[in-house]
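For reference, the structure discussed in these notes is given below.
The values are calculated or read from the model by the stated rules, or taken from the named source; none is laboratory data. Bear in mind that the values here come from a model prediction, so they are computed numbers and not experimental data. Neighbour counts run over all protein chains shown; Cβ positions are idealised from the backbone, glycine included. When the accessible area is computed, the model is the full protein with side chains, heavy atoms only, and any ligands, DNA or RNA have been set aside. Shrake-Rupley method; radii C 1.70, N 1.55, O 1.52, S 1.80 Å.
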Amino acid sequence: MLLFFQQLIEGLMSGAIYASLALALVFSHRSTNVVNFAQGEMAMLSTFFAWQLIEWGLPVYAAMAASVVVSFVGGGILYVVFVKPIARAPALTVVTVLIGLFIALNSLGGFVWGYLNRAFPSPFAGWKVQWGALTLSGEFIGIAAVLLATLLVLFLVFEHTRLGLAMRAAAAAPEQSRLVGIPVEWMLLAGWGVAAALGAIAGVLIAPRLFVSPGMMLGVVIYAFAAATLGGFDSVLGAVIGGLVVGVAENMAATYVPWIGADLKVVVALVIIFATLLVRPSGLFGRTTVVRV
Amino acid sequence: MSSSGLRRTLLGVAAFALLAGFVPFRFSSYGLDQVTLVLIYAMAILGLNMVSGYAGAISLGHGAFFAIGAYAEAILVHRYGFSPYVAIPCASAVAWIAGLAFGFPALRLRGLYLALGTLAIAMSLPPLLKRFEGFTGGHTGIVVETLSAPKWSHMSGSQWTYFLVLAIAALLFAVAWRLLGGALGRALLATRDHEIVAQVMGVDPTRYLTLTFALSSLYAGTAGALYTLAIGFVSPDSFTLMLGLGFFVGGVVGGLTSVWGAIFGGLFLQYVPVWASDIDKALGGFVYGATLIASMLLMPEGLAGVGRRLAARWHARAAAGTKATTTRITSASTTPITSTPLASAERKGAR
């Protein structure tokens, strides 16, 4: 039973990280209606940036905050340069540009920082809570706190400020929003910025558990895709629940299904993606869209 | 086909055959192996073009079918003692079945979601290959003897392999050219551009798409089988996500909605990353990504489209004095759904 709870906590911890990357996918999807294949690589660059700042002697927390801010700006720039021109293009064009971005950003990371594995210090290393036989590591508490704080900020901004309302309006009904004077382009830009910032959070949270390298996100982003698919690509709540479910499912499958083990964990993501898309393409919490012919 | 068109086609085939026969006796054996790989990649990209270009179903996972063909060949030869030549059609059949099995559920997805699903397939295959160690050789993979030429031919192994690959490639390209130029191609383009209209016209999209997906994975699998024979070695690391993405890049750069564009794609895939990574290891991928974006925005029909446009302009100029040229229905319908300034300029020029 103890093993079960430890694995549950492990799973929730990975799940919280998948959830923040899935949130990033949801924000870029909500603002521009794309599945951002380059989201993981954007997060990788953010993490490298934070690592570089720490190398230069900045405290860990300051480096993380700086990376989140810079990522916001970077996401906005990517939107203006690459995504805005293809806003109304067919799916093939969108996929091509995003895959191109994925490959190019991955190489950019290797070009600037090389292909060595770099260790990333954990900001929560010192903490620890003992609860009966169960140990809650500092990482668990830290990651959970960051995820909850992120959700709280998103909730406050999007539900209780005019800016958040404008951003939701611009994503939901761009034409009508333009008519009432909302600067739609700026709002979509901000949506991509928020997505990139969320990716940066996911990156710096997972970096201490992996190493920082250009390939670090390849194995993570597939779970985030699974989480966003499961929860629905346009649902914030769905991304969080999807992330936690995927994280727990992945850990439980690896522990209790001997056939799967640690090697085949990624197949769990594949099965979740396919099962969701076939049974309920809009995800658990997504809205079903009806297309007028 | 008019008699002048037939003559031009025959002339083209003859020139190509002459060039293809000339290559193996002028290149070093290393250079020749590279040309063989170009042909192999071109076959796989041709398969991708069928399903992504003509049928509009975006697949990022064709590397997986390539890998299935390659592994089927290696396992049949190494473990079951098949003759490598007999194993090729068997490997193609395995890839065809895999394509049918995956295509049936996958093709219920459309657009970005199909791309996502096939991406997930491509990412899951290497761990699967590593897991079934007893069958696939795990991390270390399987070593297969490369082909050696029979005595009567007086050829080196590389030359023999080249001619084998060339013969199979010629067959596959001819089949694709006939199929896509005919009723199947029109049905697929109709489905891609307007599914409901196609249905009204009597095209059953699911059936056509599934069969095309299976055929296209047969192409990728055959290419994979030949890859095993050319390289003499398969391992999970040969079939990473980058391979499937590479096919996609090659397809887009060559021109997704074309048969001959696949050859440009093969050339791109074989030579460009090598040149680029000679300069810097990371630059290879950067050039890949940048070329992909640039070619999508600047030449949405790929290199094949650029060639077609130049040829059309030349013909229009040549025929301007005598009679109006007739626009062929196939060349009109291969323009992509977006009307780019260039494409509309071409249409004006053709009139």
### Task
Can you tell me the equivalent ellipsoid semi-axes for the protein assembly as shown? Use √(5λ) from the Cα gyration tensor, largest first, whole Å.
44, 31, 22
### Message
At 222 nm, what value in deg cm²/dmol follows for chain A if DSSP H runs of at least 4 each add -39500 (n - 2.57) and the sum is divided by all its residues, to the nearest 500?
### Response
-23500 deg cm²/dmol
### Query
Under a GNM of chain B (C-alpha, springs under 10 Å), which listed residue has the highest mean-square fluctuation: B:L114, B:L32, B:L310?
B:L310
### Message
Using amide H atoms built in the peptide plane, which far-off residues or other-chain residues are under 5 Å from B:H194 H to H?
### Response
none
### Centre separation in Å (Cα based) which lies between the stretch A:118-196 and the stretch B:272-296
35 Å
### Query
What is the extension gain from A:Y61 to A:M1, computed as 0.36 nm multiplied by their sequence separation minus the C-alpha to C-alpha distance, in nm to one decimal?
18.0 nm
### Label point distance in nm, B:I231-A:R287, each placed 7 Å from Cα along Cα→Cβ
4.7 nm
### Query
Tell me, what is the 1.4 Å probe accessible area of B:K281, in Å² to the nearest 10?
140 Å²
## Note on the structure
Rounded to whole Å², per residue accessible area for the protein assembly as shown with a 1.4 Å probe reads 45 Å²
### Proportion of all alpha-carbon pairs of the stretch B:36-88 beyond 16 Å (%)
52 percent
### Message
I'd like to know how the stretch A:2-216 sits against the 2.2 N^0.38 Å rule of thumb: what's its Cα Rg over that expected value?
### Response
1.08
#### Entry: GNM flexibility winner over chain B from B:A294, B:A91, B:A190 (Cα, springs under 10 Å)
B:A294
### Task
Mind giving me the nanometre distance, one decimal, between the label points for A:L237 and B:A14, set 7 Å out from Cα along Cα→Cβ?
7.4 nm
### Task
Grab the DSSP H runs of chain B that are 4 residues or longer, score each as -39,500 (n - 2.57), total them, divide by all residues and round the 222 nm result to the nearest 500 deg cm²/dmol.
-24500 deg cm²/dmol
## Note on the structure
Judged on accessible area alone, 1.4 Å probe, highest first, B:Y30, A:Y61, B:Y41 line up as B:Y30, A:Y61, B:Y41
### Span from the the stretch B:225-255 Cα centroid across to the the stretch B:114-144 one, whole angstrom
13 Å
### Query
Accessible surface of B:S28 in the full protein assembly, 1.4 angstrom probe, to the nearest 10 Å²?
70 Å²
### Task
Measure nothing but the geometry: give the 0 to 90° angle between the long axis through the Cα atoms of A:236-256 and the longest principal axis through the Cα atoms of chain A, rounded to 10°.
30 degrees
## Note on the structure
Under the rule rounded for a/c under 1.5, else prolate if a/b exceeds b/c, else oblate, using alpha carbon gyration tensor axes a ≥ b ≥ c, the stretch A:156-225 is classed as prolate
### Message
Full-extension gain between A:E185 and A:V73, please, as 0.36 nm times their residue separation minus the C-alpha to C-alpha distance.
### Response
38.9 nm
#### Entry: Whether the stretch B:1-132 is rounded, prolate or oblate, judged on the alpha carbon gyration tensor where a/c under 1.5 counts as rounded
oblate
### Task
Can you sort A:R118, A:R88 by 1.4 Å-probe accessible area, starting with the largest?
A:R88, A:R118
### Message
How much length would be gained if the chain were fully extended between A:A119 and A:V271, taking 0.36 nm per residue of separation minus their Cα-Cα distance, in nm to one decimal?
### Response
51.5 nm
### Message
Given the whole protein assembly as supplied and a 1.4 Å probe, what does the accessible area of B:S148 come to in Å², nearest 10?
### Response
80 Å²
### Query
Classify the stretch A:92-174: rounded, prolate or oblate, from the alpha-carbon gyration tensor (a ≥ b ≥ c, eigenvalue square roots; a/c under 1.5 rounded; otherwise prolate if a/b is larger than b/c)?
oblate
### Query
Got a sec? Charge dipole of the protein assembly as shown, +1 on Cβ for Lys and Arg, -1 for Asp and Glu; which of A:S213, B:S148, B:G138 is way out at the positive end?
B:S148
### Message
Angle check, please: helix A:184-206 long axis (alpha carbons) against the longest principal axis of chain A (alpha carbons), in degrees 0 to 90, nearest 10.
### Response
10 degrees
### Message
How high is the relative contact order of chain B? Use alpha-carbon pairs under 8 Å, at least six apart in sequence, and give a whole percent.
### Response
28 percent
### Query
Hey, any idea what the orientation-averaged projected area of the convex hull of chain B's Cα atoms comes to, in nm²?
19.4 nm²
### Query
Hey, what angle do you get for helix B:62-80 against the long axis of chain B, alpha-carbon based, 0 to 90 degrees rounded to 10?
30 degrees
### Summary
In the neighbourhood of B:R79 defined by beta carbon distances under 14 Å, the net charge of the other residues (Lys, Arg +1; Asp, Glu -1) is -3
### Task
Under 16 Å from a label point 7 Å along Cα→Cβ of B:S153: give me every residue in the stretch B:10-25 with its amide N that close.
B:20-25
### Query
Using a Gaussian network model of chain A with C-alpha springs under 10 Å, which one of A:G203, A:G110, A:G232 is most mobile by mean-square fluctuation?
A:G110
